[in-house]
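These notes are about the structure you will find just below.
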Amino acid sequence: QVQLAESGGGLVQAGGSMRLSCAAAGDADCLSTMAWYRQAPGKERALVAAIHSGGSTYYTHSVTGRFTLSRDHAKSTVYLQMNSLNPEDTAVYYCHAEACAGWGQGTQVTVSS
């Protein structure tokens, strides 16, 4: 069992930056691999980035070089730093605990042109 709470979404202009946080609580075994997904209007939810317990990361092609995923094990928190945002990044962003299929409630990110 895991509970996830995202924060940090909002409205930003194109070219701007934003940091999302995902605070986790629950079974530590659920937190080995953490990920961020996003769902844009009319589209399916898609993987954005993932981080494993050892620190290795994966990024989908469209965010590589712009987004950085990190984690603070002591705080059981995962951060998604998003730079050079563009309108195509507009979506609801969800935190996901891969091992236990846990989802947060989502946080809206809107990038204006």
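The values are calculated or read from the model by the stated rules, or taken from the named source; none is laboratory data. All of these numbers come straight from a predicted model, not from anything done at the bench. Glycine also receives a Cβ, built like all others from the backbone with ideal geometry; neighbour counts cover every protein chain displayed. Side chains are part of the model used for accessible areas, which takes the heavy atoms of the whole protein and leaves out ligands, DNA and RNA. Shrake-Rupley method; radii C 1.70, N 1.55, O 1.52, S 1.80 Å.
Remarks
- Looking only at residues in the range 94-113 that are under 13 Å from LEU11 (Cα atoms) and of a type in the set (Ser, Thr, Tyr), the one that is modelled with the lowest pLDDT is SER113.
- Among residues of the range 73-113 being in a strand (DSSP E or B), touching a Lys or Arg at 6+ places or on another chain (Cβ under 9 Å) and open to solvent by 20 Å² or more (accessible area, probe 1.4 Å), the one that is nearest to LEU47 (Cα to Cα) is TYR94.
- Exactly one residue among GLY42, GLY8 is surrounded by 12 or more Cβ atoms within 10 Å (Cβ to Cβ) and either hydroxyl-bearing (Ser, Thr, Tyr) or on the phi > 0 side of the Ramachandran plot (or both), and that residue is GLY8.
- Selection count, the range 60-81, where residues are touching a Ser or Thr at 6+ places or on another chain (Cβ under 6 Å) and touching a residue at least 60 places away in the same chain (Cβ under 8 Å): 2
- Of everything listed in (1) over 14 Å from the mean Cα position of the chain (by Cα); (2) among the hydroxyl-bearing types (Ser, Thr, Tyr); (3) loosely packed, with under 13 Cβ neighbours inside 10 Å, the single unmet condition for THR64 is (1).
- Unmet criterion (only one of (1) open to solvent by 40 Å² or more (accessible area, probe 1.4 Å); (2) polar (S, T, N, Q); (3) farther than 19 Å from GLY9 by Cα; (4) touching a residue at least 40 places away in the same chain (Cβ under 8 Å)) for THR57: (4)
- Within the range 28-46, residues that are within 8 Å of GLU98 (Cα to Cα) reach partners that are exposed (fewer than 12 other Cβ atoms within 10 Å of the Cβ) with beta carbons closer than 8 Å, at six or more positions or on different chains, in the pairs CYS30/GLN1.
- Meets criteria (touching a Lys or Arg at 6+ places or on another chain (Cβ under 6 Å) and open to solvent by 20 Å² or more (accessible area, probe 1.4 Å)) for TYR37: yes
- Failed item in (1) on the phi < 0 side of the Ramachandran plot; (2) in a loop (DSSP other than H, G, I, E, B); (3) at pLDDT 95 or above, with GLY15 passing the rest: (1)
- All conditions but one from (1) within 12 Å of the chain's Cα centre (by Cα); (2) free of Cβ contacts under 8 Å to residues at least 40 places away in the same chain apply to GLY9; the one that does not is (2).
- Considered as a group, the residues in the range 21-51 that are in a strand (DSSP E or B) and over 12 Å from the mean Cα position of the chain (by Cα) include one that is farthest from THR68 (Cα to Cα), and that residue is GLY26.
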